[in-house]
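Input: a single structure, listed below in structure tokens.
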Amino acid sequence: MIVYGDRRAREDPRDLARALLEDCHAASQLGASAEGQDARRRVLVAAGELAQGLVDHAFAARGEVDEAGPLERLAARLTTAAARAPVAGAAPAEVAGVVHEAMRAPLPEAVEVRVPEGYAYYALLPEAYADAVRRAGAGGPLVVVGLRSIGTGLAAVVAVAGGAAAPPVTLRPVGHPFARIVRPGPALARWLLDAPAAARFVIVDEGPGLSGSSLNGVADWLEDRGVAPERLLFVPHHEGDLGPQASPRHRERWARVARVAAAAPADFGLGLGAFEDLTGGRWRARLYPDERAWPAVDARQERVKLLAPDGDGGPRLFKFAGLGAYGDAALARARALEGLGLAPPALGLVRGFLVHPWLEGARPLGHARFDRRALVERVSDYLAAVARGLPRAPRVAGASPASLLDMARHNAGAALGADAAAALERWRERLPRLAAGLRPVATDGRLQACEWLVVPDGRLLKTDGVDHHAGHDLIGCQDVAWDVAGAAVELDLDPDERARVARAAGRRDEEVVAFHEDCYLAFQVGRCWLAARAAAPDEAARLEAAGRGYAARLARRLGAAAA
């Protein structure tokens, strides 16, 4: 099944440098306050993105070989200076100095910047990596190796916190996702292998994932060249074992080589005192009277959600929205929706967490009384706002119509057979005309009934609508027709209701909506199928049932089209 995508964008490094200087100035103005610490994290995130783009540009120019060249040395200085701000509380003046130097250097016209997923999606806090290496008490000289993308900045954090004498190096793992390798060039390889005999190699990344082959690919390279296993130290994001796709060699090494996880505190340093973790679908127990009514969730893709029972004005919900510019964009979108009366209030952004009041007594659609006409009107107003253009996360493109169709054909073929895939091919010749009128916006992508709350005064509010367009999937930003199709499917709109919502969103071309509805259903089939494979039995059953529902609806549509 095709579900996931890779977030990246081409940027002018001079624009990134100028934005980083603005971040440095803001952090300097805020000083040592909590807001100032958030600003210093933003500096680290932005510096890591600029450094990653520069180093990957050099890497690509050499034919996917990492080396110790001028761009790499500049990037290491930049990230090391940026790491001192959140780790040691230093003012970001040193970062600004390196940025000014970089702007005088010969820079590429454009670089490719990848979204640092841990900062954007997975509540990864850089300070946790500093704490981890301090706990490890590595001793002796350290050689810190970070894996790009996010390891660009994290390696600097570990080097600063661990007192490494040399700046960190970064490597880009390449090859099959379950069998990554690294390719240091001659000078970089010589520098790594000439490290003192007492030096310890600290390998830093946000994994491990399904295979752990990126972290272990560095260890393979080192061990194959005579570095003893006891000189290795892994600093991953979590304490878990390698995923099911790990090789026997990597699994055996993971069991015996030293590692220390950069696990954040239970409340992610928010200072909540008592709190309830609602992540992974646990929020359903608070909203649904009966577990049998729970909607299916993909726990792996859910943002961290924490409920603090005693805050100013009542209970507060903290939902991770992203560090740096990613969280800022989510806050701006939340406040725009609040201003339109379409979403709950946004109280602020702390450590990358959006803060909302917990709406006591609110219930999802289907579990509270509501007026159907009012629902259609509310959905119409919401999608009209989406179509006008709400703030979006940085560096988020979207799948092209051709990519959506390829995904739909693949997923439909896998779920329903070759005839279903062939029926979707009817869209191929129409794509140029359909694509000509599309305007990608920051679509919501999640219009399910559980995402709409009926509050005690009878109003309908859309929740959790700030960042699905920036999720770790293929879809990204799409024409509002994607959300019109999603609303039609998830809220079971009849033809008149569907037409009203489409008109409000400015989408009067029925063929455009029909194309997106086919693609939406095929995407949901794939999403449920993949999520079910990784879920516990009870959740897998819910996901499989949801997937069968989407597949049946798609089959009916494709059968009618074929007829």
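The values are calculated or read from the model by the stated rules, or taken from the named source; none is laboratory data. In this text, all values refer to a predicted model and were calculated from it rather than measured experimentally. A quick note on method: Cβ atoms are made from the backbone with ideal geometry, for glycine too, and the neighbour counts reach across all protein chains shown.
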Please enumerate the residues belonging to the stretch 495-513 that are touching a Lys or Arg at 6+ places or on another chain (Cβ under 9 Å), among the aliphatic types (A, V, I, L, M) and farther than 9 Å from A481 by Cβ.
-> A499, V501
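Being in the same structural domain as V65 (by TED's automatic domain parsing) and over 30 Å from K305 (Cβ atoms) narrows it down to one residue among L232, L242; which is it?
On the way: L242 fails: over 30 Å from K305 (Cβ atoms).
After applying the criteria, what remains is L232.
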Just one of (1) under 22 Å from R284 (Cβ atoms); (2) in contact (Cβ under 8 Å) with a residue 40 or more places away in the chain; (3) under 27 Å from the mean Cα position of the chain (by Cα) trips up G361, so point out which.
-> (3)
Filter pass, L20 being crowded, with 20+ Cβ neighbours inside 10 Å and outside any helix (DSSP H, G or I) = no
For K319, state whether it is in contact (Cβ under 8 Å) with a residue 40 or more places away in the chain, of a type in the set (D, E, K, R) and in the same structural domain as A285 (by TED's automatic domain parsing).
-> yes
Considering residues of the stretch 419-437 that are crowded, with 18+ Cβ neighbours inside 10 Å and not aromatic (F, W, Y) only, the residue farthest from the chain's Cα centre (by Cα) = A423
Kindly indicate whether any position in the stretch 134-143 is without any contact (Cβ under 8 Å) to a residue 24 or more places away in the chain and closer than 16 Å to R200 by Cβ.
-> yes
Go through the residues of the stretch 450-468 one by one and say whether even a single one is in contact with a helix residue (DSSP H, G or I) (Cβ under 9 Å, 6 or more places away or on another chain), assigned by TED's automatic domain parsing to the domain that holds E377 and more than 28 Å from P289 (Cβ to Cβ).
-> yes
Within the stretch 354-373, is there a residue that is at pLDDT 95 or above and within 20 Å of A264 (Cα to Cα)?
-> yes
For residues in the stretch 324-340 being over 19 Å from K305 (Cα atoms) and free of Cβ contacts under 8 Å to residues at least 40 places away in the same chain, which is surrounded by the fewest Cβ atoms within 10 Å (Cβ to Cβ)?
-> G339
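So which residues in the stretch 312-323 are crowded, with 18+ Cβ neighbours inside 10 Å and of a type outside the set (F, W, Y)?
First pass over the stretch 312-323, keeping only residues crowded, with 18+ Cβ neighbours inside 10 Å: 316-323.
R316, L317, K319, A321, G322, L323, listed by residue number.
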Residue list for the stretch 447-458, filter: touching a residue at least 40 places away in the same chain (Cβ under 8 Å) and in a loop (DSSP other than H, G, I, E, B) | L447, Q448, V455, P456, G458
For the stretch 373-393, what are the residues that are without any contact (Cβ under 8 Å) to a residue 60 or more places away in the chain and farther than 24 Å from K319 by Cα?
-> R373, E377, R388
Restricting attention to the stretch 209-224, does a residue exist that is hydroxyl-bearing (S, T, Y), in contact with a helix residue (DSSP H, G or I) (Cβ under 8 Å, 6 or more places away or on another chain), outside any loop (DSSP other than H, G, I, E, B) and under 26 Å from W529 (Cα atoms)?
-> yes
Among residues of the stretch 174-200 being within 31 Å of the chain's Cα centre (by Cα) and either outside the structural domain of S214 (by TED's automatic domain parsing) or assigned to a strand (DSSP E or B) (or both), the residue farthest from G226 (Cα to Cα) is V174
If you take the residues of the stretch 57-81 that are within 17 Å of E109 (Cα to Cα) and touching a strand residue (DSSP E or B) at 6+ places or on another chain (Cβ under 6 Å), which of them is surrounded by the fewest Cβ atoms within 10 Å (Cβ to Cβ)?
-> H57
When you scan the stretch 475-521, how many residues do you find that are within 23 Å of the chain's Cα centre (by Cα) and surrounded by fewer than 20 Cβ atoms within 10 Å (Cβ to Cβ)?
-> 1
Please determine, by comparing only the residues of the stretch 522-563 that are in a loop (DSSP other than H, G, I, E, B) and under 23 Å from the mean Cα position of the chain (by Cα), which one is farthest from A399 (Cα to Cα).
-> A536
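How many residues, within the stretch 525-539, are free of Cβ contacts under 8 Å to residues at least 24 places away in the same chain, surrounded by fewer than 17 Cβ atoms within 10 Å (Cβ to Cβ) and of a type in the set (A, V, I, L, M)? Show your work before the answer.
Keep residues of the stretch 525-539 that are free of Cβ contacts under 8 Å to residues at least 24 places away in the same chain, which gives 532-533, 536-538.
Pick out the ones that are also surrounded by fewer than 17 Cβ atoms within 10 Å (Cβ to Cβ) and you get 533, 536-538.
Filter once more, so that each one left must be of a type in the set (A, V, I, L, M): 536.
Final tally of qualifying residues: 1.
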Pick from the stretch 216-264, criterion among the β-branched types (V, I, T) and either under 23 Å from E117 (Cα atoms) or touching a residue at least 60 places away in the same chain (Cβ under 8 Å) (or both), ranking: surrounded by the most Cβ atoms within 10 Å (Cβ to Cβ) = V235
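Yes or no, residue by residue, for (1) under 18 Å from the mean Cα position of the chain (by Cα); (2) small (G, A, S); (3) closer than 21 Å to L460 by Cα:
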site	(1), (2), (3)
V257	no, no, no
R300	yes, no, no
L331	yes, no, yes
L349	yes, no, no
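Just to be sure before I move on: is L142 buried (at least 21 other Cβ atoms within 10 Å of the Cβ) and over 18 Å from L78 (Cα atoms) in the structure I sent? Walk me through how you get there before you give the answer.
Working: buried (at least 21 other Cβ atoms within 10 Å of the Cβ): yes; over 18 Å from L78 (Cα atoms): yes.
Spelling it out, L142 is indeed buried (at least 21 other Cβ atoms within 10 Å of the Cβ) and over 18 Å from L78 (Cα atoms).
Determine whether A414 is under 16 Å from Y550 (Cβ atoms) and crowded, with 19+ Cβ neighbours inside 10 Å.
no
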